[in-house]
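Take a look at the structure set out below.
The values are calculated or read from the model by the stated rules, or taken from the named source; none is laboratory data. Values in this document were obtained by computation on a predicted structure and should not be read as measured data. Quick reminder, even Gly has a Cβ in these numbers, built from the backbone with ideal geometry, and neighbours come from all protein chains shown.
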Amino acid sequence: MILLDTHVLLWAAYTPARLSAAVQGMLLDPNNTLCFSVVSLWEVTIKRGLDRPDFQIDAGVLRQGLLANGYVERAIEGRHALHVGSLPNIHRDPFDRMLVAQAAVDAMILVTADKLVASYDPSIQLI
């Protein structure tokens, strides 16, 4: 199972040309289960409300499109929230920390373009 961080998720949905051919191949491989976290929807909603230019996307439309394209929605559970407390203080962004915890607890590969996020664990794939 592959969990996409928020930026990679947005690029995959709206600007796939930003992704390398290898990453595009991984996303198109029918053997891979692609997942998104509700934390990404939450992040998009909050940052759109703050008028961040890189988050001018309707989270509801994003969610519908992801589900229509076979992505699996992953909920945040108490065990994910508790795991955040055991993470080293590498990254301060709470959204990214939750994605790291969720991937670790649920044994998913987190795909990110953020070097700090990737430094949490060797199983996190930096693109």
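Here are the numbers:
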| read-out | value |
| --- | --- |
| Where a residue in the range 69-95 is in contact (Cβ under 8 Å) with a residue 24 or more places away in the chain and farther than 30 Å from Pro30 by Cβ and its partner, wherever it lies, is among the polar types (S, T, N, Q) and surrounded by 12 or more Cβ atoms within 10 Å (Cβ to Cβ), with Cβ under 8 Å and at least six apart | Ile90/Ser119 |
| Per-region count, the range 23-47, residues surrounded by fewer than 16 Cβ atoms within 10 Å (Cβ to Cβ) and without any contact (Cβ under 8 Å) to a residue 12 or more places away in the chain | 7 |
| Among (1) surrounded by 17 or more Cβ atoms within 10 Å (Cβ to Cβ); (2) of a type outside the set (A, V, I, L, M, F, W, C); (3) assigned to a loop (DSSP other than H, G, I, E, B), the one test that His83 misses | (3) |
| Conditions (1) more than 14 Å from the chain's Cα centre (by Cα); (2) in contact (Cβ under 8 Å) with a residue 60 or more places away in the chain: number failed by Ile127 | (1) |
| Identity of the residue in the range 86-127, hydroxyl-bearing (Ser, Thr, Tyr) and under 25 Å from Thr45 (Cβ atoms), that ends up surrounded by the most Cβ atoms within 10 Å (Cβ to Cβ) | Thr112 |
| Residue match in the range 43-58 (condition: in contact with a strand residue (DSSP E or B) (Cβ under 6 Å, 6 or more places away or on another chain) and under 16 Å from Gln102 (Cβ atoms)) | no |
| Some residue of the range 58-70 being of a type in the set (Val, Ile, Thr) and surrounded by 13 or more Cβ atoms within 10 Å (Cβ to Cβ) | no |
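One line per residue, one yes/no per condition, for (1) within 13 Å of the chain's Cα centre (by Cα); (2) at pLDDT below 95; (3) in a helix (DSSP H, G or I):
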| site | (1), (2), (3) |
| --- | --- |
| Phe36 | yes, no, no |
| Glu43 | yes, no, yes |
| Asp51 | no, yes, no |
| Ile76 | yes, no, no |
| His91 | no, yes, no |
| Leu110 | yes, no, no |
| Pro122 | no, yes, no |
